[in-house]
1. What translational diffusion coefficient, to the nearest whole µm²/s, does the stretch 1-90 have by Stokes-Einstein, given a Kirkwood radius computed over alpha-carbon pairs, a temperature of 4 °C and 1.567 mPa s viscosity?
2. Sorted from fewest to most neighbouring beta carbons within 10 Å, what does the list Ser164, Ser87, Ser151, Ser279 look like?
3. Quick one: Cα convex hull volume of the stretch 38-191, Å³ per residue?
4. For Leu221, enumerate residues with amide H under 5 Å from its amide H, sequence gap 5+ or separate chain, H modeled in the peptide plane.
5. Over the alpha-carbon set of the chain, divide Rg by the Kirkwood Rh and report the Rg/Rh ratio to two decimals.
6. Extension gain Ser108-Ile268, at 0.36 nm per residue separation less the Cα-Cα distance, in nm?
7. Suppose every Lys and Arg Cβ carries +1 and every Asp and Glu Cβ carries -1, with no other charges. What dipole size does the stretch 289-427 come out with about its Cα centre, to the nearest 20 debye?
8. Mind putting a number on the dipole of the chain about its Cα centre? Charges go on the C-beta only, +1 for Lys and Arg and -1 for Asp and Glu, and I need it in Debye to the nearest 20.
Amino acid sequence: MDELQQCDVLVIGGGPGGATMSTLLARQGRRVVMLEKDQHPRFHIGESLLPGNGELFDLLGVREQVDRIGMPKYGIEFVPPDLPYTSKVEFGDGLDPDKGLAWQVRRSDLDELLFRHAQKEGALAIEGAQVREVEFDAEGATVRAVMKDGSRSAWRTRFVVDASGRDTLLANKLKSKQKNPRHNSTAIFGHFRNARRLEGRDEGHITICWFEHGWFWFIPLADGATSVGAVCWSYYLKSRDKPMKDFFFDTIAMAPELQDRLKDAELIGDEVHATGNFSYASTHATGERYLMVGDAFTFIDPMFSTGVYLAMLSAQKGADVVATALDRPGELPAARARYERLMREVPKKYSWFIYRVTNPTIRDMFMHPRNIFNIKRGLLSLLAADLAPKRGFRRSVLMFKVVYYFISVTNWRRTYAGWKRRAFNIQDHGPLRGETVHKT
Ligand SMILES: Cc1cc2nc3c(=O)[nH]c(=O)nc-3n(C[C@H](O)[C@H](O)[C@H](O)COP(=O)(O)OP(=O)(O)OC[C@H]3O[C@@H](n4cnc5c(N)ncnc54)[C@H](O)[C@@H]3O)c2cc1C
């Protein structure tokens, strides 16, 4: 038998979700242990943040440190496949002009910063510790991990937080993970030196470039590198019949504006990553002695750069649920119900747009954002992850949808063709061919 060490809460995974949770629980005076299988700094994709992250950085007390590692990001540039011009929007034109600034970051830097911060706040955060088993019983759980050197450790805990990201440790164990039947996308990406960026204040904008099989991100980082990735339907990545790097460059060639911005650029490290379908959710996010945060519960699509925000937000709200479970168990059912609602409702605000974003009607609306019925300002607040109840927010998002449906009906032939195309695109075309697929 391994010797059992004791803690109040054991957090599995030391990404943004796990680190936020650990900081907040340590501040409550809990004995928190966070186990991370990797060693920080480690590579992770997901480099574009939102103004909404700012409040969470303030809560943790790390905004200045993020300012130091991040590239200021004020907005988004949209590049259509079929028009000779691009469109730019700024978050500051949303309903709250103070929510105008976000960041592009190297995730190795951000995640290490948040992890070390949790340690400073009192969490026992251990790297190179992969959780292999979680056994629940009436009083709590026993968690067993394998350390980098092959040794084993075992923990007795009153509560478990699963922040294991797309490894979805608990959802796999509980068999509660389900593919998203309404979405199916894959990604292929790399980093470039010397890409041609926008100038001045716009330099840190994320650029979204649509192309025939999906869309590209173009994310300028503070150290001069630019992250470029294609989010494409799985049939497209499945069709690859050449080395990944050649396939990536052929894909870039389908977006002439992007290709032009990369014409003098060089792929850093000659490295191209690919990742298979990543759209899923667990049937539930909580139990009597556990909860899931961030990607451990759900991930839909990176289109609106919401992943890190949702991971940190769920950790913030989840920390209250953990406190309830430990201190006031009689109130736990109501706290769990609120958390379950939050974990469904916030992603849903984005999924309506994600499911439609490659269709021509939405593309037109993003390319020519007009402020009738305040829809531009409401949309920008949504894109900024400024979701606090605000006068006119719900109404303007609702009006966006009304206008969308109106345009769709008046262009019914185009709408029908788009719908048919999407029905094909979201089919599962099986796993990607093995050796080139990296977990991210
Ligand atoms: C192609 C792509 C592009 C993306 N782009 C963006 C973007 O631009 N902006 C954005 O905000 N989001 C983006 N995302 C999403 C974003 O990466 C995630 O939503 C975010 O990292 C979730 O944070 P998390 O803390 O839940 O999980 P993670 O950041 O994945 O952290 C989980 C941690 O758990 C550790 N772990 C896993 N299993 C175990 C175990 N058994 N034991 C111990 N440790 C374990 C992992 O090593 C990892 O460090 C993108 C995602 C993809 C796939």
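Here, each number is a calculation from the coordinates, and none is a lab measurement. These numbers come from a predicted model, not from an experiment. In this analysis, Cβ positions are derived from the backbone assuming ideal geometry, glycine residues included, and neighbour counts consider all displayed protein chains.
1. Numbers: Rh = 16.5 Å.
Translational D for this selection: 78 µm²/s.
2. Details: Ser164 28, Ser87 15, Ser151 10, Ser279 20.
Fewest-to-most Cβ neighbours within 10 Å comes out as Ser151, Ser87, Ser279, Ser164.
3. Convex hull of Cα atoms, per residue: 203 Å³.
4. Thr226, Ser227
5. Details: Rg = 21.8 Å, Rh = 22.6 Å.
That ratio is 0.96, to two decimals.
6. Values: separation 160, 0.36 × 160 = 57.60 nm, distance 1.59 nm.
Between Ser108 and Ile268, full extension yields 56.0 nm more.
7. Dipole size: approximately 740 debye.
8. On the way: 62 positive and 54 negative charges, 332 e Å.
Magnitude of the dipole: close to 1600 debye.
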